[in-house]
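The values are calculated or read from the model by the stated rules, or taken from the named source; none is laboratory data. As the structure is a computational prediction, the values presented were derived from the model and not from experiment. Positions of Cβ are backbone-derived with ideal geometry, glycine not excepted, and every protein chain shown enters the neighbour counts. Each accessible area value is taken on the protein alone, full model and side chains, heavy atoms only, with ligands, DNA and RNA left out. Shrake-Rupley method; radii C 1.70, N 1.55, O 1.52, S 1.80 Å.
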Amino acid sequence: MWAYVVRRLWQMIPTLLGVVLLVFVLFNLFGGDPAYVLAGKISNPEQIDNIRRQLGVDQPYWVQLGIFLKQIVTADFGASWSTNEPVSHILATRLGPSLTLLVPLLIIETLVAVGLALAVAYVRGSLTDRAVMVVCTVGLSISILVYIIVFQYVFAYKLGWFPVQGWGDSFWTNLVRYASLPILIGLVVSIAPNLRLFRTFVLDEINQDYVRTARAKGVSENRIMWVHVLRNASIPIITHVMAALPGLLIGAFLLERFFSIPGIGREVILAVERSDFPVIKALTVYVAVATMVVNLLADLMYKAVDPRVQLE
Amino acid sequence: MNDTGTHSLIRPALAPRAVAHTVSPGLWVLAWRRLRRDRLAMVSLAIVLAFIAMMILSGLGLIARDWTREVGVNYAPPTFVGPDATEAAPAPAATAPGPAAAAPPPVTGDWEAEVVDPIGDVIAELRGAPKPDSGNTATPPAAAAAPGQDDTGFVDPLADVMREIEAARRGAKSPPPPPGGTGAAAVDPLADVMRDIEAERGAAAAEHGSTRRATLPFGADKWGRDVIAKTIKGSETSIFVGIAAAFVATLIGTVLGAFAGYYGRWVDDALNWFYSIFSSIPYLLLILAVAAVLQHKGTMTIVLILGLTGWTGVFRLIRAEYLKHKGREYVQAADAIGASNARRMYRHIFPNVSHVVLVQLSILVVAFIKSEVILSFLGFGVPVDVVSWGSMLNEAQNELLLGKWWQLVAAGVSMALLVTAFSLFTDALRDALDPKLRGSEGS
């Protein structure tokens with residue numbers, strides 16, 4: 001077990017180096033001269049030289065790469081180009097709002113989708129099943145933008161049930177007052193694909209022999225669905241949910257943007273709008289690390305759920 | 001074409017001419033027959049083909065060529081709604097009789113008066129001039145609005161507008177008479193402002209001449225451009241980007257996947273390393289990072305962004321297929337008759353995995369259309385003088401606050417229709433090409 005974890009961590013190093021290289025090539029080679037971005041409209045050659053020296057972009061590429069690696073290891077990416085706020089501070093303060101929005105969303109969404117999937121799969125082939133699937137397919141096709149625009153307009157703006165946008169300092173105010181409409185929209189958008197997927201996972205299990213055996217020995221239908229089937233179907237479901245976890249770090253870009261939630265996703269959009277490279281670079285590298293760690297955790301979790309799984 | 005590699009290899013040598021006629025139908029013929037029986041699939045295919053035909057016609061300039069012409073009055077409503085009461089009558093709108101759907105409710109009238117200005121300012125600033133000759137200002141809306149307004153990092157470009165709107169709405173709500181009830185009392189404080197704006201609008205309309213129509217079949221946008229023509233033009237952009245980017249991504253994924261699966265060993269290791277890099281960065285973050293670097297805006301840029309970042313799924317599947325096929329007898333036979341590696345990879349194995357490629361291509365088109373819409377909405381996609389569903393939705397967001405819903409509906413519904421049809425067709429295509437998979441929907 002520990003040998004496995006150590007080996008997996010060891011294997012992450014080349015991938016991580018690759019990510020660093022990709023980000024470096026993207027931003028330092030293709031990104032254009034940051035001095036011109038920073039100097040703005042008053043492009044005084046002296047000033048540009050100054051900025052170049054300050055950022056280290058007048059050095060040869062291998063020195064720049066060294067600087068970048070040092071920044072990653074020491075978690076000190078310097079300051080944002082547009083607000084002069086330290087990048088590490090940006091990341092630390094933007095994480096909270098993103099998690100406030102997305103952790104409840106992920107939990108509710110998974111519980112609702114699993115419950116519905118079990119119910120729909122139980123009556124598979126019936127009119128209810130087909131109707132739900134049609135609604136899911138059509139619901140999936142509508143752009144998330146349309147959902148957000150319409151929901152924000154109707155529920156926040158017209159009916160005034162929720163604030164149109166905003167964010168406070170208290171966690172509970174944020175969760176109850178500001179995050180509830182974004183979470184609701186997130187649910188509407190994500191239930192359809194999850195339900196479709198989880199339904200097939202449940203359907204794969206529902207025709208297995210062990211279900212027939214359980215029925216034959218008189219296990220109640222509820223117990224069959226919620227204990228026998230769910231336990232087996234949970235393996236692919238966990239895979240899917242774990243795959244969604246790194247998304248938590250990115251936040252829901254669009255939800256955060258529309259509702260002015262000061263989270264990571266909105267920060268990324270702002271950074272791209274302002275060509276604020278340090279912020280994007282730092283985020284990309286750290287999110288990649290987090291993704292790899294989460295993938296490892298996911299594999300360890302299979303083992304916990306399904307003892308047959310061999311970690312190799 | 002419609003044969004497996006085994007057939008094309010053996011038939012000339014072993015099978016006499018007479019027997020060749022009884023050769024069983026190939027994969028594609030069988031798949032097409034299965035698809036033909038699926039009525040839903042055929043309807044979806046017809047819709048998809050209609051959209052593609054529209055894209056081609058519009059691309060050739062046969063339809064919707066002069067979508068930039070301002071044929072209607074500003075925000076001309078759809079014909080079936082009837083002319084806008086506030087446009088038609090210079091008198092205060094709240095009391096003007098008119099079709100129920102067209103006359104805005106009192107509250108709407110209120111904040112409309114408050115709100116027209118802030119948004120107008122922002123847009124006027126973005127366009128450079130209030131009366132657009134064409135949309136060739138170079139700055140994307142979002143990028144232009146952001147740096148000016150917030151240096152501290154927290155204020156959304158729209159926040160000011162929204163706050164004003166909020167304030168106006170609260171103001172309208174707080175007086176004793178509730179909004180839905182007697183309109184006259186609630187409207188009074190702002191009626192003057194309203195009348196001014198109406199007068200201004202009337203003057204503006206007169207200035208443009210009387211050739212502009214009061215209503216259009218599906219309404220007009222802020223500058224009086226026909227929403228139907230605009231939607232057709234927007235569909236052209238979005239569908240083109242989706243299809244072109246899907247081809248780029250599928251090509252990259254297929255070639256790399258074939259190399260990795262076929263050659264194995266260090267080629268496989270190297271390409272897998274490359275794959276793990278791209279797949280460990282969340283897709284949307286990767287797209288935005290590339291968009292941040294490529295400052296040049298253009299339709300081809302967005303095709304490249306999506307294509308260069310979206311190949312990983314195809315790579316994984318094609319690599320697995322090549323791993324599976326390279327040991328099969330027909331490949332060994334090809335080896336025995338001296339076929340080169342390239343010939344074995346592309347002439348022998350490829351036809352046997354091409355159905356996987358086709359299904360992936362189809363899945364990617366839908367995914368990329370959705371991505372393009374989001375990118376263009378955020379202002380990282382197509383340039384401002386090109387219209388796409390995403391940029392239409394961006395405009396529609398502000399328009400909805402003024403009660404002008406038609407552009408939102410036009411862009412949203414046409415996109416939903418195409419995406420639904422394309423997804424259903426993709427499902428049917430996968431079932432038809434690989435009946436063993438029928439019913440399983442794991443993407």
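Candidates A:VAL138, A:VAL146, A:VAL132, A:VAL189: the one that is within 14 Å of chain B (Cβ to nearest Cβ), surrounded by fewer than 17 Cβ atoms within 10 Å (Cβ to Cβ), β-branched (Val, Ile, Thr) and in contact with a helix residue (DSSP H, G or I) (Cβ under 7 Å, 6 or more places away or on another chain) is A:VAL138.
Could you identify the single residue in B:GLY298, B:GLY307, B:GLY327 that is surrounded by 19 or more Cβ atoms within 10 Å (Cβ to Cβ) and away from chain A (no Cβ under 14 Å)? Only one candidate passes the filter, namely B:GLY307. Restricting the first member to region A:250-263 and to residues that are more than 10 Å from chain B (Cβ to nearest Cβ) and outside any loop (DSSP other than H, G, I, E, B), and the second to residues that are modelled with pLDDT under 80 and open to solvent by 10 Å² or more (accessible area, probe 1.4 Å), no beta-carbon pair is closer than 6 Å while six or more apart or on different chains.
Return the residue satisfying two criteria in turn: it lies in region B:251-270 and is of a type outside the set (Phe, Trp, Tyr) and crowded, with 19+ Cβ neighbours inside 10 Å, and of such residues it is nearest to the chain's Cα centre (by Cα). Looking at residues that are of a type outside the set (Phe, Trp, Tyr) and crowded, with 19+ Cβ neighbours inside 10 Å, I get B:GLY253.
On inspection, A:LEU118 fails the criterion of being at pLDDT 85 or above, open to solvent by 30 Å² or more (accessible area, probe 1.4 Å) and assigned to a helix (DSSP H, G or I). Give region A:192-220 a look and list any residue that's surrounded by fewer than 13 Cβ atoms within 10 Å (Cβ to Cβ), part of a helix (DSSP H, G or I) and either touching a residue at least 24 places away in the same chain (Cβ under 8 Å) or of a type in the set (Lys, Arg) (or both), or say none. If the condition is that a residue be surrounded by fewer than 13 Cβ atoms within 10 Å (Cβ to Cβ), part of a helix (DSSP H, G or I) and either touching a residue at least 24 places away in the same chain (Cβ under 8 Å) or of a type in the set (Lys, Arg) (or both), then A:ARG212 is the only one that fits.
Of the set (1) of a type in the set (Asp, Glu); (2) at pLDDT below 80; (3) within 25 Å of A:TRP172 (Cα to Cα), all apply to A:ASP76 but (3). Against the criterion of being open to solvent by 40 Å² or more (accessible area, probe 1.4 Å) and within 14 Å of another protein chain (Cβ to nearest Cβ), A:THR239 qualifies.
Criterion applied to B:SER391, B:SER423, B:SER414 was being at negative phi, among the polar types (S, T, N, Q) and within 9 Å of another protein chain (Cβ to nearest Cβ), and the one residue passing it is B:SER423. Answer with yes or no whether A:GLU267 is at the interface with chain B (Cβ under 7 Å from one of its Cβ atoms), more than 12 Å from the chain's Cα centre (by Cα) and not hydroxyl-bearing (Ser, Thr, Tyr). So A:GLU267 fails the test.
Taken over region A:201-236, the criterion of being of a type outside the set (A, V, I, L, M, F, W, C) and within 13 Å of chain B (Cβ to nearest Cβ) is satisfied by A:ASP204, A:GLU205, A:ASN207, A:PRO236. Among the residues of region B:394-423, those identified as under 10 Å from the mean Cα position of the chain (by Cα) and surrounded by 19 or more Cβ atoms within 10 Å (Cβ to Cβ) are B:ALA411, B:GLY412, B:SER414, B:MET415, B:LEU418, B:VAL419.
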